[in-house]
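The structure under discussion appears below in the form of structure tokens.
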Amino acid sequence: MRIALLEDQLEQARNIEHLLRESDHHCDSFQTGQSFLSAVTHRSYDLLILDWQIPDMTGIDVLKHVRAQLNWPIPVVFLTQRDSEQDIVQALDGGADDYLAKPARPAELLARIHALVRRSNPEVDRQTLEYGAFKIDTKARMIHLRGELLTLTDKDFDLTLFLFQNKGRLLTREMLLERVWGVTRDINTRTVDTHMSRLRRRLGIKPENGFRIKTIYQRGYRLEAMDELGTEMDSAVSDESLG
């Protein structure tokens, strides 16, 4: 997973980063709310970890911005020294998904993170997935459109599955390279653009089939569900508000 951590104490940030990376997660840490918000609105993360007391704003303020600006319900965990019942209630009522008091036990922190991700994407472990006219068999690695088997390469299948499992969510080119191709952002991102253009044609992803792949200028792509009139159904937030 790609995780963004808001923690102004460098030693604590390094300890959490090390824990997450030892469990094969990618972690970017930030010391201020502004730098954190800039990152999460321009990059793609699977989960956010927030401290409450940071130099330029409160963790609650950061949470409010996240919920207002992101166009999908990203899991958020508070990890803070504040442990009163009032603080916990305020964070959970404000949109946090979990709350841990410092110092967190490493195994418990990891278990809570993994549980949140499972709840946020319950389709991950299912064999058969249906998205309107599309049916995906994750075990047989086959995709049908209105009952007709589509001819796809292995990479086409991986990219399609990732798009549908994250429909409505902005996916940066860098994230797609890491998740689908298993490479770092050093590779030319035109690889993603070439595959995405071909995938639109091969899959028949167009409004009459219930979906479209929208290109987000200079950022990436988003798979959007469409109604019968070709109107977007998923995103309640404009792209301009994410910039």
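Looking at the range 67-81, is at least one residue part of a helix (DSSP H, G or I) and not polar (S, T, N, Q)?
Checked against the condition, which is being part of a helix (DSSP H, G or I) and not polar (S, T, N, Q), the range 67-81 yields at least one hit.
Which of (1) more than 20 Å from the chain's Cα centre (by Cα); (2) surrounded by fewer than 13 Cβ atoms within 10 Å (Cβ to Cβ) does residue 133 not meet, given it meets every other one?
The one condition residue 133 does not meet is (2).
Identify all residues within the range 48-57 that are modelled with pLDDT under 95 and not in a loop (DSSP other than H, G, I, E, B); write none if there are none.
Result: 53, single match.
Residues to consider are 53, 12; find the one that is out of contact with any Asp or Glu (no Cβ under 6 Å at 6 or more places or on another chain) and within 24 Å of residue 93 (Cα to Cα).
53
Open to solvent by less than 10 Å² (accessible area, probe 1.4 Å) and either under 21 Å from residue 173 (Cβ atoms) or touching an Asp or Glu at 6+ places or on another chain (Cβ under 8 Å) (or both): which single residue out of 70, 63, 20, 6 fits that description?
6
Working carefully through the options 115, 104, find the one that is assigned to a loop (DSSP other than H, G, I, E, B), open to solvent by less than 50 Å² (accessible area, probe 1.4 Å) and within 30 Å of residue 81 (Cβ to Cβ).
On inspection, the qualifying residue turns out to be 104.
Here's the yes/no breakdown for (1) in contact with a Lys or Arg (Cβ under 7 Å, 6 or more places away or on another chain); (2) not basic (Lys, Arg):
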position	(1), (2)
66	no, yes
77	yes, yes
86	no, yes
89	no, yes
106	no, yes
119	no, no
139	no, no
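Across the range 23-43, which residue is modelled with the lowest pLDDT among those that are open to solvent by less than 60 Å² (accessible area, probe 1.4 Å) and more than 20 Å from residue 173 (Cα to Cα)?
Checking each candidate, the answer is 23.
Of all residues in the range 161-199, count the ones that are in contact with a strand residue (DSSP E or B) (Cβ under 6 Å, 6 or more places away or on another chain) and either loosely packed, with under 14 Cβ neighbours inside 10 Å or β-branched (Val, Ile, Thr) (or both).
Of the residues in the range 161-199, 1 are in contact with a strand residue (DSSP E or B) (Cβ under 6 Å, 6 or more places away or on another chain) and either loosely packed, with under 14 Cβ neighbours inside 10 Å or β-branched (Val, Ile, Thr) (or both).
So, of the residues in the range 222-243 that are in contact with a helix residue (DSSP H, G or I) (Cβ under 6 Å, 6 or more places away or on another chain) and in a strand (DSSP E or B), which turns out to be modelled with the highest pLDDT?
My answer is 223.
Looking at 137, 156 in this structure, which one is touching a residue at least 40 places away in the same chain (Cβ under 8 Å) and among the acidic types (Asp, Glu)?
Values: 137 fails: touching a residue at least 40 places away in the same chain (Cβ under 8 Å).
That would be 156, the only listed residue that is touching a residue at least 40 places away in the same chain (Cβ under 8 Å) and among the acidic types (Asp, Glu).
It is to be established whether one or more residues within the range 140-153 are exposed (fewer than 12 other Cβ atoms within 10 Å of the Cβ), touching a residue at least 12 places away in the same chain (Cβ under 8 Å) and within 20 Å of the chain's Cα centre (by Cα).
No, the range 140-153 has no match at all.
Scan (1) of a type outside the set (Gly, Ala, Ser); (2) touching a Cys at 6+ places or on another chain (Cβ under 9 Å); (3) farther than 24 Å from residue 220 by Cβ for the single condition residue 2 breaks and write down its number.
Residue 2 satisfies every listed condition except (3).
The values are calculated or read from the model by the stated rules, or taken from the named source; none is laboratory data. Computed from a predicted structure; not experimentally measured. Cβ atoms come from the backbone with ideal geometry, glycine included; neighbour counts cover every protein chain shown. In case anyone asks, the SASA skips ligands and DNA or RNA and just uses the protein heavy atoms, side chains included. Shrake-Rupley method; radii C 1.70, N 1.55, O 1.52, S 1.80 Å.
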